[in-house]
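The values are calculated or read from the model by the stated rules, or taken from the named source; none is laboratory data. All values reported here derive from a predicted model rather than from experimental measurement. Here the Cβ positions follow ideal geometry from the backbone for every residue, glycine too, while neighbour counts run over all protein chains shown.
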Amino acid sequence: MKLSILDQAPISTNMTSSQALKNSIKLAELGDTLGYTRFWLAEHHGMDGLSSSAPEVTLGAIGMVTENIRLGSGATLLPYYKPYKIAEIFNTLATLYGGRIDIGIGRAPGGGNEASEALSDNYLSHVFKMPDLISDLQGYISQDIRAPRAMPVPEDPPELWMLGTSAKSAAAARDNKLNYCFGQFMSENSTEDVLANYRANDFSGKMIMTINVFCHEDNIKAESLAYSYAVNQVLRSTGRNFKGVPSIEDTDNLALTEEESQAVQNILAKLITGTPEIAGKKIKRLGDTYKIDEFMIVTITHDFEDKVNSYRLLAEYLLK
């Protein structure tokens, strides 16, 4: 089994954006040491509590302090950008850190309407052009499009992935012969249906499943970390969110409406929590059920030490 990391450079309450980005660099270093396969940074815009608006910049810094772990975007939101410029950026990273650069392609807005308007004159019109955008990016990366060439040209080009949460994105990845990363942790769709769409017609591209995991030596502490995360996610959608990732103490005694409480339970039902043995066995079971051999882990906690500990425990149990 392979394990990878998806990070969003979260900003906890009483933390600066500078600390959050430096924590992402530290986490990538740890992942490199522990044997994680990839470290991907998400792209979000104008969102309180998340500092990864330009993952390609932070990846440049991460590449300087890592040796083996693959580095990538999860995802580069292609409707905002010209494929040629994306090819130049990631070709540069691949030239600097040869053989370990990924481009994860996504089409979600990654923020609110104001951010989308600031980034693009007409975001939705570009979404409809996604097939052409993907084709052009593939052409620039593979050098099939010769003029203009996306310089520099690395010896080992970036590896392209499609990210998504639905059968539609899975089919798009399959039809474009792209590897696929399924965001199970944020999908409302049937995992079985999504993966079946990707594997239709005997297509056999690489596949990753992204999941939320909270691991701790103490099972009760793992559940507390997960509960705090779930409450924060729900409050973000209702508009009474914290200014950053809250602590366990911030969320433990918070009064929730009946609707909010149900939403928290719905999120908790999708999380993987527990001791290394409990969480590890759940992940192995998922892998066996859906024939997945690489999982990308998302863990967001108030205390960076809890986050580091969770990734370390998982690696010690599953990568030994």
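Sort through Glu217, Glu192 and tell me the only one that's in a loop (DSSP other than H, G, I, E, B), touching a helix residue (DSSP H, G or I) at 6+ places or on another chain (Cβ under 9 Å) and surrounded by fewer than 13 Cβ atoms within 10 Å (Cβ to Cβ). Explain how you work it out, then say what you get.
On the way: Glu192 fails: in a loop (DSSP other than H, G, I, E, B).
Unique residue meeting the criteria: Glu217.
Given the residues Ala200, Ala230, which is the only one that is touching a residue at least 12 places away in the same chain (Cβ under 8 Å) and surrounded by 19 or more Cβ atoms within 10 Å (Cβ to Cβ)?
Ala230
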Subset of the stretch 272-320 [without any contact (Cβ under 8 Å) to a residue 60 or more places away in the chain, among the hydroxyl-bearing types (Ser, Thr, Tyr) and under 30 Å from Ser17 (Cβ atoms)]: none
Selected residue (only one of Thr273, Thr251 is outside any helix (DSSP H, G or I) and buried (at least 16 other Cβ atoms within 10 Å of the Cβ)): Thr273
Every residue from the stretch 292-320 that is crowded, with 18+ Cβ neighbours inside 10 Å and closer than 17 Å to Lys281 by Cβ: Ile292, Phe295, Ile297, Ser310, Leu313, Leu314, Ala315, Tyr317, Leu318
Check on Ile134, free of Cβ contacts under 8 Å to residues at least 60 places away in the same chain, closer than 19 Å to Glu43 by Cβ, in contact with a Ser or Thr (Cβ under 7 Å, 6 or more places away or on another chain) and not in a strand (DSSP E or B): no
Number of the condition not met by Thr66 [criteria: (1) of a type outside the set (A, V, I, L, M, F, W, C); (2) under 24 Å from Phe182 (Cα atoms); (3) surrounded by 18 or more Cβ atoms within 10 Å (Cβ to Cβ); (4) modelled with pLDDT of 95 or more]: (2)
Any hit, the stretch 161-184, residues being in a helix (DSSP H, G or I), surrounded by 18 or more Cβ atoms within 10 Å (Cβ to Cβ) and over 21 Å from the mean Cα position of the chain (by Cα): no
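Scan the stretch 100-108 and give yes if some residue there is at negative phi and either among the aromatic types (Phe, Trp, Tyr) or assigned to a helix (DSSP H, G or I) (or both), otherwise no.
No: the stretch 100-108 contains no residue that is at negative phi and either among the aromatic types (Phe, Trp, Tyr) or assigned to a helix (DSSP H, G or I) (or both).
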